[in-house]
Protein chains: 2
Amino acid sequence: MAQLTPDYEAPRRRGRGRRPADQVRAEILTAAGNLLLAEGMAGFTIEKVAAQAGASRMTIYKWWPSKGALALDGYFAVVGPVLAFPDTGDIVADLTSQLTAFVHLMTDTSAGRVVSQLIAQAQIDPDLAAVYRERYSVPRRAIGVEALTRAVARGQLRPDIDAESVVDQLWGACYHRLLIPDQPLTEEFAATLVDNLMRGLR
Amino acid sequence: MAQLTPDYEAPRRRGRGRRPADQVRAEILTAAGNLLLAEGMAGFTIEKVAAQAGASRMTIYKWWPSKGALALDGYFAVVGPVLAFPDTGDIVADLTSQLTAFVHLMTDTSAGRVVSQLIAQAQIDPDLAAVYRERYSVPRRAIGVEALTRAVARGQLRPDIDAESVVDQLWGACYHRLLIPDQPLTEEFAATLVDNLMRGLR
């Protein structure tokens, strides 16, 4: 069947010589992220990722210690661009646009269901919990803290703010509505979260 | 063995005549809440609650449509007093003391593990999700909104605040650290959440 491989698969160059390691790695991550978004952890296997990326399982095991680690790195790779943190110099605009993108990702795509099930499984699976934190939530949290810290340096926020707690009051508040949907997760909600913190409630 | 029932079990009056329905209901709820806290949903059965409360399974099924409904009502009954919402007239003090009690319940008792596993199971079990919201999270959310609304009426908060979003930025932020423990869930955190919102970040 090899000779029937259509041209659009040519970039994978199966059996036509080695791809650079960086390219293989990127293609594995893309395949992993897309598979996770399509099927959730329930349908996620290293075999499927290997087949999709045209890579060997051995290559994948060389770089990722577990299925969960591969899934989380893939998720980060695929949604990363959607969740890019703008830095226009205006912290209110940047927080609002980032949170709005996050809300749309959670509500308009399969990412919301995938993430809620990952968090759910992490409550009973310590290995997945460790991987989720190490590969996704800790780095994402750091990006938020850095943005807030830059805003402090620019004089837009008080110098004594606790940036970690602000992350919980913005993205954490959205996760709360994602996991316990008593109230809707909307653009308006995202904007209100920022406004509450900026203006204060008094 | 009935004649060996020690005196301290006398209030249950097994077989010694009917208890008032309200009392039976209260004892079932206490038994259900304590069983849930001791064993989680995994070890929670209507049989055990019935035995513990000295009530028939038929009585329980008459009042509760499902095991999940009984577990959630029992949880609310048992932790309700711990989570009582003070109304001293000072919203900052009241929010801080209520959140502090909530944080201690989640971190010092088995309630944290039980609640995180209930939320986890709710992600894959729509019936449990409905019961969790109907019997626990919606009524608890309403209590928070009422406290904030009273503070608006007293002039302690702006009249145009969105109280629902504040619930997500206080209790929701705590649930975020409970479920994704990248940062510790502490008294200091609870106080910081209130302070961030009251003073604003600018």
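Values in this text are rule-based calculations from the coordinates and carry no lab data. These numbers come from a predicted model, not from an experiment. Here the Cβ is made from the backbone with ideal geometry for all residues, glycine too, and neighbour counts use every protein chain on show.
How much net charge surrounds residue A:41 when only other residues with a Cβ under 15 Å from its Cβ are counted (Lys, Arg +1; Asp, Glu -1)?
Once positives and negatives cancel, what remains is -1.
Could you work out the local net charge near residue B:100, counting Lys and Arg as +1, Asp and Glu as -1, over the other residues with Cβ closer than 12 Å to its Cβ?
The answer is -4.
Measuring from a point 7 Å out along Cα→Cβ, what nm distances, shortest first, does residue B:21 have to its partners in the other copies?
Label-point separations across copies, in nm and ascending: 7.4.
Take residue B:187, project a point 7 Å from its Cα along the Cβ direction, then tell me which residues of the stretch B:100-115 have their backbone nitrogen under 11 Å from it.
B:100-101, B:104
What is the sum of charges, Lys and Arg at +1 and Asp and Glu at -1, for the other residues whose Cβ falls under 12 Å from the Cβ of residue A:146?
Net charge around residue A:146: 0.
Could you run the Karplus curve 6.51 cos²θ - 1.76 cosθ + 1.60 with θ = phi - 60° over the stretch B:126-136 and give me ³J(HN,Hα) per residue in whole Hz, x for Gly and Pro?
x, 5, 5, 4, 5, 5, 4, 6, 5, 9, 10
Would you grab the residues whose amide H sits under 5 Å from the one on residue A:157? Only those 5+ places off in sequence or on another chain, please, with H modelled 1.01 Å from N.
Amide H to amide H, under 5 Å and 5 or more residues apart or across chains, residue A:157 pairs with A:152.
With N residues in the stretch A:84-202, what two-decimal value do you get for its Cα radius of gyration over 2.2 N^0.38 Å?
Ratio of Rg to 2.2 N^0.38 Å for the stretch A:84-202: 1.09.
Explain nothing, just compute: Karplus ³J(HN,Hα) = 6.51 cos²θ - 1.76 cosθ + 1.60, θ = phi - 60°, for every residue of the stretch A:163-178 in order, whole Hz, x for Gly and Pro.
Taking θ as phi minus 60°, the curve returns 5, 4, 5, 5, 4, 5, 7, 10, 5, x, 5, 5, 4, 4, 6, 5 Hz for the stretch A:163-178.
Based on alpha-carbon positions alone, could you give the equivalent ellipsoid semi-axes of chain B from the gyration tensor, as √(5λ), descending, whole Å?
Three semi-axes, in Å: 36, 18, 16.
Helix A:138-153 versus the longest principal axis of chain A: what angle, 0 to 90°, nearest 10, using Cα atoms?
Result, in degrees: 40.
Taking a ≥ b ≥ c as the square roots of the eigenvalues of the Cα gyration tensor of the protein assembly as shown, is the shape rounded (a/c under 1.5), prolate (a/b larger than b/c) or oblate?
Taking the square roots of the gyration eigenvalues as a ≥ b ≥ c, the protein assembly as shown is oblate.
Which residue in chain B puts its Cβ closest to the axis that rotates chain B onto chain A, and at what distance in whole Å?
B:200, 1
What FRET efficiency comes out for residue B:62 versus residue B:124 if R0 is 25 angstrom and r is the Cβ-Cβ distance? Round to the nearest 0.05.
Computed FRET efficiency for residue B:62 and residue B:124 comes out at 0.30.
Which lysines, on any chain, are close to residue B:67 with Cα under 24 Å apart, when same-chain ones fewer than 8 places away are left out?
The reachable lysines, counting only those whose Cα sits under 24 Å from residue B:67, are B:48.
For chain A, what relative contact order do you get, as a whole percent, if you take Cα pairs closer than 8 Å and at least 6 residues apart?
With pairs under 8 Å counted, the relative contact order is 20 percent.
Scan the stretch A:16-91 for trypsin sites (Lys or Arg not before Pro) in coil per DSSP, keeping those whose Cβ has at most 16 other Cβ atoms within 10 Å, and list them by number.
Those that pass, being in a loop and sparsely packed, are A:16, A:18.
How big is the Kirkwood radius of the stretch B:39-145, worked out from every pair of different alpha carbons and given in Å to one decimal?
15.1 Å
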